[in-house]
Structures are given as C-alpha cells and as structure tokens.
Amino acid sequence: MSENGWNFANTYIKLPELFFKKQNPTPVSDPKVVIINNALAESLGLNIESLHQEDGTEILVGNKIPHGSLPISQAYAGHQFGHFTMLGDGRAVLLGEQITPKGQRFDIQLKGSGPTPFSRGGDGRAALGPMLREYIISEAMYGLGIPTTRSLAVAITGEPIYREAVQPGAVLSRVAASHIRVGTFQYAKKWGTTVEELQALTDYTIDRHFPELNDEDNSYLSFLRAVIDRQASLISKWQLVGFIHGVMNTDNMAISGETIDYGPCAFMDTYDPDTVFSSIDRNGRYAYKNQPPIGGWNLVRFAESLLPLIHEDEEKAVQLAQQEMDQYLVLCQKYWLSGMRAKIGLFNEESEDEKLIQELLEIMKNQKADYTNTFQGLTIEDMKDSGLSLNEFNVWKQKWEDRLNRQDENKTSSLNLMKNYNPAVIPRNHRVEEVLEAANEGVFQEMNKLLEVLANPYEYNLSQVEYAKLPPETDRPYRTFCGT
C-alpha cells in the first residue's frame with residue numbers, strides 16, 4: 001500500500017488480452033480539483049489530505065499513475081438503441097481495483113482521460129457539465145439507497161473541448177464494484193475465438209460478484225439467474241423513485257447490479273409513464289414505462305452470450321435459459337409491488353393492493369400530479385404540493401385508510417415506514433441545471449449545497465423544503481443530452 005492509501009490489485013488483466021488494452025491516461029495542462037468525495041475516499045482507505053494536494057490532483061486527472069496501478073481500457077460491445085456494435089472504453093482508463101481496509105474491491109476509473117484504442121475517432125475527453133451531472137446523480141442515487149457506481153472526484157483539465165460549443169474539459173474518478181457489462185459478454189461471444197475465453201470471463205465474474213455460485217451444479221445457469229434477480233431488483237428501485245436512466249443500452253447494464261453510465265438520465269416530476277427525457281430517444285424506447293421490459297430485452301442478449309456454457313446442447317441451453325428469463329418480469333413485479341406497498345404504509349399483503357396502488361397512479365397521471373411530492377405529501381399528511389385535486393384523491397384516500405385499518409400496525413407505524421421509502425427530495429432537473437450552469441462559470445457553492453441536501457433524502461427536515469419545489473411552468477419539455 002502506498003503512503004497516500006492507494007492499494008491496487010489488477011486481476012482483470014489476468015483475463016485473455018482480448019478483453020483489454022494497456023493504456024495510460026493522456027496528461028493535461030492545468031488540472032484543478034473541483035470536488036472530492038471525502039466520505040467515499042475515507043471508506044476506500046485513501047489519505048484525504050494527500051488527495052487534496054497537488055500529488056492527489058495529478059492522480060485524479062491521469063497525469064500521474066499511482067503506485068501499483070496498471071492502467072487499461074476495457075473492451076466490450078453493445079446494442080445501442082437496438083443496433084449491435086463494437087464499443088469499448090473510448091474515453092476511460094481503469095487504474096485498477098482498490099482494496100479497501102475492509103477488504104472490499106472497487107474499480108477506480110478515470111472518465112474523460114483521453115483517447116484509447118476504442119475511441120473510434122473521438123478525442124477521449126469529457127466536458128465539465130456531464131461529469132458533474134454524473135457526480136450529482138450517482139451520489140443522489142447512493143443517498144436514495146439504490147445500487148450505483150459512485151463518484152470520487154471531478155477535476156477540470158485546464159483544456160477546452162469542442163462539442164456544439166467550446167466547454168471546459170474535466171475528468172471524473174468513478175468507483176464501481178466492477179465495470180463488467182452485458183456488453184462485455186456480448187463482445188466475448190462475438191469476437192472471442194474460443195469458448196475458453198468466454199468461460200474465463202464468466203468464471204472471473206462469478207468469483208468476483210457471485211462466489212457462492214461456485215458450489216452450484218450448473219454455476220453458469222445459476223449465474224444467469226442471479227444476474228436476472230439483481231437487475232429486476234435494481235430497475236424496480238428506479239421505478240419506485242421515478243428515475244429514468246435514459247440510455248439502457250446493453251453496454252450500460254452492469255453485471256454487478258449497479259446503476260452505471262449517467263448520461264441523459266433524469267427524475268420524473270409530473271407522473272407520466274410515457275416520460276422520456278433523452279434528446280436522442282425519439283421513439284421512447286427507454287421511456288419510464290419501458291425500463292422493466294427493456295431490462296428483460298438486455299438480459300436476453302446476456303443469456304444468448306452464455307448459451308455455450310449453460311449446456312453443450314444448444315437447444316437444451318436455450319430451454320434452460322428461457323425458463324430463467326420467464327421469471328424476470330415476475331420478479332420485477334414482485335419487487336415493485338413490495339416497494340409500492342411500503343410507499344403507502346402497508347406491512348402485510350392483500351390481493352387488492354395492486355388495484356389500490358394503480359388507482360392512485362391513474363389519478364396522478366390524469367391530474368398531472370408530481371410523483372415525488374404526492375408520496376411525500378401522503379407521508380406527512382399534507383397534499384398541497386402534490387398538484388392533486390383533493391375531491392378525487394379523497395375518495396381514494398378513504399379506501400387507503402380503510403386498508404391501513406385492516407393491519408395490526410397503527411397509522412404512526414405506517415407513516416414511519418413510508419418515510420423510509422418516500423424521499424422528501426430528489427435531484428430536481430431544474431435544480432441540477434442551475435448548479436451545472438453556475439459550475440461552468442466557476443461557481444460551485446450551490447452545487448455543494450444541493451449535494452448536502454441529497455445525501456439524506458429521507459430525513460424530512462426544513463433544509464429540504466426549498467429543494468422540493470416544482471420547476472417553473474414552461475411550454476418546452478425538459479431534455480437531456482448524452483455527455484459525449
């Protein structure tokens with residue numbers, strides 16, 4: 001371990017060379033740290049004081065390689081909006097796997113660190129705004145209790161990058177359980193020359209994320225089952241808080257079950273299952289309501305990649321994989337319904353619960369109610385900020401209270417349960433845009449305030465009230481853009 005706390009392992013490079021290229025980051029001219037996640041740094045075992053000094057800055061932008069690091073860019077493929085293509089880390093370098101004081105293993109990746117063999121003609125750089133956006137949203141997701149990659153730091157490079165306009169360049173330090181994706185397996189299946197290469201990747205991933213499966217009779221089928229379960233759980237959590245990923249390509253689905261690659265993502269204000277924010281999603285492929293089925297589509301691509309390992313007879317392998325895939329939407333519904341029960345304070349189960357929940361959602365949709373504030377208002381018994389017409393809502397509310405009275409727990413217990421599932425605050429899109437605009441001008445105080453509020457979304461304290469306010473009305477729908 002180095003004196004500044006870096007404690008790298010580099011197990012990924014033990015895989016066949018098909019899966020990576022050795023690649024150092026490209027140095028930058030005038031780096032300055034914008035923000036460092038001190039709490040995360042401490043949990044990783046890093047020396048916070050050193051990280052804030054010049055030596056730390058040089059590491060966070062890729063000018064200096066920390067002790068023990070063997071930098072690589074990873075190869076993968078992916079279906080992007082349904083179209084299969086060769087991809088890979090076009091603007092990211094994996095420094096290695098940080099081993100924490102508790103023995104946990106996390107990838108440390110520099111995003112925006114320059115061109116790689118997978119850049120496909122791109123400059124390999126990233127703009128400050130999208131990197132800060134990923135920092136804000138990923139840390140908000142962590143605060144919400146949703147599995148996610150995290151952000152260690154953002155540093156500006158001192159160099160402009162050229163997109164639609166000239167923007168300040170930046171590097172994000174991303175922390176992940178791993179960066180192994182569905183697209184990594186697709187790459188192995190398509191461009192690997194032997195089944196042994198696919199098997200090496202699969203064995204490595206099982207050892208890293210699902211070691212308990214090594215004792216199973218068919219560990220590869222069990223692996224598929226475990227990944228299906230984690231993705232069903234993850235996407236259900238997105239649905240429960242109104243999060244829209246925006247670009248659910250197969251290369252953006254992490255095998256670990258973490259949310260990864262925050263591009264044109266956003267949180268829904270007005271409840272509408274058809275909501276799409278991404279400027280490039282013109283047909284609504286990745287709309288809010290489509291996230292569970294698209295997750296299933298991606299997992300079918302994953303299952304296809306594993307077929308040679310599941311059974312030597314392809315027809316039998318397909319049959320076994322299909323049996324597992326048949327459970328995916330069942331699991332999504334199970335996890336979603338369990339979470340929705342908690343959001344309305346239900347401890348037990350009744351057959352009519354889903355109908356009760358759907359009735360509320362239909363009222364919210366018809367009246368263009370705010371998703372987060374409706375459930376928050378239900379929790380604090382004050383619906384004035386939800387946007388609902390109380391006449392229709394009160395009919396539903398009486399049914400809800402009758403339902404609460406049919407369980408052993410009292411209403412106070414139900415409201416306390418709801419507080420743990422209904423955030424008082426989310427990263428409102430207009431708030432995020434405000435702080436990013438200020439950050440591009442070199443002003444970061446408002447961003448730091450927003451991050452402080454988002455760190456504890458279930459606290460229900462007065463500091464959150466201002467950040468729960470709805471955006472000003474506008475005729476123009478909110479749009480997000482990929483941070484390329």
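The values are calculated or read from the model by the stated rules, or taken from the named source; none is laboratory data. Note that the structure is predicted; figures quoted are calculated from it, not measured. Note that each Cβ is placed from the backbone with ideal geometry, even for glycine, and that neighbours are counted across all protein chains shown. All accessible areas refer to the heavy atoms of the entire protein, side chains included, with ligands and DNA or RNA removed. Shrake-Rupley method; radii C 1.70, N 1.55, O 1.52, S 1.80 Å.
Summary of values
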| read-out | value |
| --- | --- |
| Tabulated pairs, the range 244-262, first modelled with pLDDT of 95 or more, second assigned to a loop (DSSP other than H, G, I, E, B) and among the polar types (S, T, N, Q), C-beta under 6 angstrom, 6+ apart or interchain | SER256/SER178; GLU258/THR149; ILE260/THR149 |
| Selection count, the range 263-280, where residues are open to solvent by less than 10 Å² (accessible area, probe 1.4 Å) and under 26 Å from THR184 (Cβ atoms) | 3 |
| Selection from the range 300-324 of residues that are surrounded by 17 or more Cβ atoms within 10 Å (Cβ to Cβ) and farther than 17 Å from LEU198 by Cβ | GLU324 |
| Residue under evaluation ILE228, criteria (1) outside any loop (DSSP other than H, G, I, E, B); (2) open to solvent by 20 Å² or more (accessible area, probe 1.4 Å), criterion not met | (2) |
| Yes/no for ALA77 being touching a residue at least 12 places away in the same chain (Cβ under 8 Å) and either among the hydroxyl-bearing types (Ser, Thr, Tyr) or farther than 19 Å from PRO25 by Cα (or both) | yes |
| Scope the range 56-82; condition modelled with pLDDT under 95 and part of a strand (DSSP E or B); matching residues | GLN80 |
| Residue satisfying all of: in the range 447-479; among the aromatic types (Phe, Trp, Tyr) and assigned to a loop (DSSP other than H, G, I, E, B); modelled with the lowest pLDDT among these | TYR478 |
| Enumeration of residues in the range 285-295 that are open to solvent by less than 10 Å² (accessible area, probe 1.4 Å) and more than 13 Å from PHE243 (Cα to Cα) | GLY295 |
| Which listed residue is in contact (Cβ under 8 Å) with a residue 24 or more places away in the chain and open to solvent by 30 Å² or more (accessible area, probe 1.4 Å), from ILE426, ILE380 | ILE380 |
| Qualifying residues in the range 332-362 (those that are surrounded by fewer than 20 Cβ atoms within 10 Å (Cβ to Cβ) and among the aliphatic types (A, V, I, L, M)) - the one nearest to MET418 (Cα to Cα) | ALA342 |
| Check on THR26, closer than 26 Å to PRO101 by Cα and modelled with pLDDT of 95 or more | no |
| Odd one out for LYS368, checked against (1) closer than 29 Å to PRO427 by Cα; (2) of a type in the set (Lys, Arg); (3) open to solvent by 80 Å² or more (accessible area, probe 1.4 Å); (4) free of Cβ contacts under 8 Å to residues at least 24 places away in the same chain | (4) |
| Members of the range 400-413 found to be in a helix (DSSP H, G or I) and surrounded by 14 or more Cβ atoms within 10 Å (Cβ to Cβ), listed by number | TRP400, ARG403, LEU404, SER413 |
| Scope the range 43-55; condition open to solvent by less than 60 Å² (accessible area, probe 1.4 Å), without any contact (Cβ under 8 Å) to a residue 60 or more places away in the chain, part of a helix (DSSP H, G or I) and within 22 Å of ALA177 (Cα to Cα); matching residues | ILE48 |
| Where GLU392 falls short, out of the listed (1) modelled with pLDDT of 95 or more; (2) in a helix (DSSP H, G or I); (3) surrounded by fewer than 15 Cβ atoms within 10 Å (Cβ to Cβ) | (1) |
| Residue under evaluation TYR328, criteria (1) at pLDDT 95 or above; (2) surrounded by fewer than 16 Cβ atoms within 10 Å (Cβ to Cβ); (3) farther than 30 Å from LEU404 by Cβ; (4) not aliphatic (A, V, I, L, M), criterion not met | (2) |
| Some residue of the range 242-255 being surrounded by fewer than 20 Cβ atoms within 10 Å (Cβ to Cβ), more than 27 Å from ILE108 (Cα to Cα) and touching a helix residue (DSSP H, G or I) at 6+ places or on another chain (Cβ under 8 Å) | no |
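Condition check ((1) polar (S, T, N, Q); (2) modelled with pLDDT of 95 or more; (3) within 20 Å of THR57 (Cα to Cα)) across all residues:
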position	(1), (2), (3)
SER113	yes, yes, yes
ARG120	no, no, no
TYR135	no, yes, yes
VAL154	no, yes, yes
ARG174	no, yes, yes
ILE180	no, yes, no
